[in-house]
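Read through the structure below, which is laid out as structure tokens, and then see the notes.
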Amino acid sequence: MRDVAIAGAGYSEIARAVDRSVGSLTLEACRNALSDAGLTSKDVDGIATYPGGHDSVSSFYVAEGLGLPKLNWFEDLFGWMPAGITPVIAAAEAVRAGHCETAIAFRTVKRNRTRPPGQGFGGRVGGDAQFRAPFGDVMTSQWLAMWARRHMHDFGTTEEHLGHIAITFREHASMNPVAPLRDNITIDDYFASKIITTPFRILDCDFPVDGGGAVVITTEERARDLPKSPVKYVAGVFASGPRPDWEQWDDLTHMASKYAAEALWRRTDITPQDVDVAEVYDGFSWTALCWMEDMGFCAKGDGGPFFARGDARVGGKLPTNTHGGSMSGGRLHAISHVIECVQQLRGECGARQVHGAKTGVVTAGGGIMAGAALLSRSE
Amino acid sequence: MDRPLPQPDQDTEFFWEGLRRRELLIQHCDECGHWIHYPKPACPRCGGTRVKPKAVSGRGVVHTYTVTHNAVPGFEPPFAVVLVDLEEQKGLRLVSNLIGVPPGDVAIGTPVEVVFTDVAPDVVLPLFKVRET
Ligand SMILES: [Zn+2]
């Protein structure tokens, strides 16, 4: 098995609404990642993506759009997968195993503006939703709100704690020129923001945008000959939990992140205390809180105080979501978390740079599925 | 817009059919004794396929909840969605709503019991009300 590195990372244009096709955004992100790596499309022989709910384009589309002669490996990863980290882990493992030499992993998000959240459930509803929708339970925000509420009940987590998560990520976004939300917020702004579903306010939710991100993955040996310093892909894991149903999960105070953490730390001598920067999935504020606890970055139940103390700020104990996360950096479904981690480990992050960052963790997914990867600066 | 209604399939029809007879039926594994929800062709604990609908008491406790302020089809916000832990087994849960409790008064730990509620000519929902203990 070969050592693997992320050699390049790039975004497309990102904004609340971009009047371009999802294909055009995707190809822009892939080209930017390739040029960042100092490679051309001729070097690529593998592609992976997580096309989400069919809201993006396929690997084949990108192969054609970049003019690749042929692919030795590709995967379009549908279904309950931990978002944008999914193709990154898949592509890294494919390079490690020798299925391909250089792979692009991408995730592009283009919002569906024809219906607001929860509005696709009129009439008769089948599948698991037949046990939810008749009771008005139709949004992911409601599912995770109920997990968050139980966590508050069991551990004393407060709305103010959640507010400090939003404040922290916004402060980081204020130092990130590509973040769509860059104005700092106060705890008063937080409490004044619209309630979506308790305990979540709009400022507890990720911020939908149009845009894409891509990374280029190759062998560490090859990456050493490229212009930028390579970021080593140390390990990546996927994890589920005891039950596939959100409501039937035994203990709603931890997510599948607990199992991802166990799997990840088993794979390495690196410990949570060695991590310099964490980019954890923040579909909602509480998702990030739970990831921090489950990964072992703070004690179980201490996630709220961890954020309220400022431990997650740049300059704090473990800077977290240094790009602003999905809540202030835009909902790019965790591919931005991967890109930010790469840029932090290369020392490219300007005002929000975590000084001397050598080891980073990226996570994605909430509730019943999780993915996590450990990256480090190559010596 | 009206509340969305269930579209049963081969695995779930017994649940909705039982409710029409004012019975709350949950799938039960005859091999290991595990209660199973949502219904499926095999037991998630032991993998056994001898799974059969069996009546439960309809008594439970509010495990968690959310008060939704967004517009959702068929509901006037704000309204509460609750997860009810049925007394038969830890973590055996139904998504539901509480009758007679203002959204702001819903609380974890509240003892509740099922109320069979007609919402369409062929659909009875298992809603819940506070249970006197
Ligand atoms: Zn069984």
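The values are calculated or read from the model by the stated rules, or taken from the named source; none is laboratory data. Predicted model only: the values in this text are computed from it and were never measured. Cβ atoms come from the backbone with ideal geometry, glycine included; neighbour counts cover every protein chain shown.
Given the condition within 17 Å of residue A:140 (Cα to Cα), hydroxyl-bearing (Ser, Thr, Tyr) and part of a helix (DSSP H, G or I), answer yes or no: does some residue in the stretch A:286-297 qualify?
Scanning the stretch A:286-297, I find at least one residue that is within 17 Å of residue A:140 (Cα to Cα), hydroxyl-bearing (Ser, Thr, Tyr) and part of a helix (DSSP H, G or I), so the answer is yes.
Search the stretch A:124-151 for residues that are within 7 Å of another protein chain (Cβ to nearest Cβ) and within 20 Å of residue A:163 (Cα to Cα) and pair each with any residue that is crowded, with 23+ Cβ neighbours inside 10 Å and modelled with pLDDT under 95 when their beta-carbon atoms are under 8 Å apart and the residues are at least 6 apart or on different chains.
Sorted first by the residue in the stretch A:124-151, then by its partner, the pairs are A:146/A:247.
Determine which single condition residue B:82 fails, assuming it passes every other condition in (1) part of a loop (DSSP other than H, G, I, E, B); (2) in contact with a helix residue (DSSP H, G or I) (Cβ under 9 Å, 6 or more places away or on another chain).
Tallying (1) part of a loop (DSSP other than H, G, I, E, B); (2) in contact with a helix residue (DSSP H, G or I) (Cβ under 9 Å, 6 or more places away or on another chain), residue B:82 fails exactly one: (1).
Looking only at the stretch A:244-261, which residues are within 14 Å of chain B (Cβ to nearest Cβ) and either assigned to a helix (DSSP H, G or I) or at pLDDT below 95 (or both)?
A:244, A:245, A:246, A:247, A:248, A:249, A:250, A:251
Which residues, counting only those in the stretch B:86-108, are assigned to a strand (DSSP E or B) and either at the interface with chain A (Cβ under 10 Å from one of its Cβ atoms) or free of Cβ contacts under 8 Å to residues at least 60 places away in the same chain (or both)? Step through it out loud before you land on a result.
Going through the stretch B:86-108, the residues assigned to a strand (DSSP E or B) turn out to be B:86, B:93-96, B:98.
Passing the criteria: B:93, B:94, B:95, B:96, B:98.
Tally time: how many residues in the stretch B:1-47 are among the polar types (S, T, N, Q) and either part of a strand (DSSP E or B) or near the ligand (Cβ under 10 Å from one of its atoms) (or both)? Walk me through it before giving the result.
So the first thing to find is which residues in the stretch B:1-47 are among the polar types (S, T, N, Q), and the list is B:7, B:10, B:12, B:27.
This time we only want the ones that are either part of a strand (DSSP E or B) or near the ligand (Cβ under 10 Å from one of its atoms) (or both), so: B:27.
The number of residues fulfilling the criteria is 1.
Working only within the stretch A:170-216, note down all residues that are closer than 30 Å to residue A:6 by Cα and not in a loop (DSSP other than H, G, I, E, B). First the steps, then the outcome.
Applying the first criterion (closer than 30 Å to residue A:6 by Cα) to the stretch A:170-216 yields A:170-182, A:205-216.
Across the stretch A:170-216, the qualifying residues are A:170, A:171, A:172, A:173, A:205, A:210, A:211, A:212, A:213, A:214, A:215, A:216.
Could you list, in sequence order, the residues of the stretch A:192-229 that are without any contact (Cβ under 8 Å) to a residue 60 or more places away in the chain and among the basic types (Lys, Arg)?
Residues satisfying the conditions are A:194, A:201.
Somewhere in the stretch A:72-83, is a residue over 20 Å from the mean Cα position of the chain (by Cα), assigned to a helix (DSSP H, G or I), aromatic (Phe, Trp, Tyr) and at pLDDT 95 or above?
no
(1) surrounded by fewer than 23 Cβ atoms within 10 Å (Cβ to Cβ); (2) under 19 Å from residue A:131 (Cα atoms); (3) over 17 Å from the mean Cα position of the chain (by Cα); (4) not charged (D, E, K, R): which one isn't true of residue B:103, the others all being true?
Only one criterion is unmet by residue B:103, namely (2).
Given the condition in the same structural domain as residue B:121 (by TED's automatic domain parsing) and within 16 Å of the ligand (Cβ to nearest atom), answer yes or no: does some residue in the stretch B:91-99 qualify?
Yes, the stretch B:91-99 contains at least one residue that is in the same structural domain as residue B:121 (by TED's automatic domain parsing) and within 16 Å of the ligand (Cβ to nearest atom).
State whether one or more residues within the stretch B:72-85 are among the aliphatic types (A, V, I, L, M), crowded, with 17+ Cβ neighbours inside 10 Å, under 20 Å from residue B:123 (Cβ atoms) and within 7 Å of chain A (Cβ to nearest Cβ).
yes
If I filter the stretch B:62-75 for residues that are touching a Leu at 6+ places or on another chain (Cβ under 9 Å), outside the structural domain of residue B:90 (by TED's automatic domain parsing) and assigned to a strand (DSSP E or B), do I get at least one hit?
no
So for the stretch B:48-68 (the condition being within 13 Å of chain A (Cβ to nearest Cβ), within 16 Å of the ligand (Cβ to nearest atom) and not small (Gly, Ala, Ser)), does at least one residue qualify?
The answer is no; no qualifying residue exists.
(1) within 15 Å of the ligand (Cβ to nearest atom); (2) within 9 Å of chain A (Cβ to nearest Cβ); (3) among the hydrophobic types (A, V, I, L, M, F, W, C): which one isn't true of residue B:119, the others all being true?
(1)
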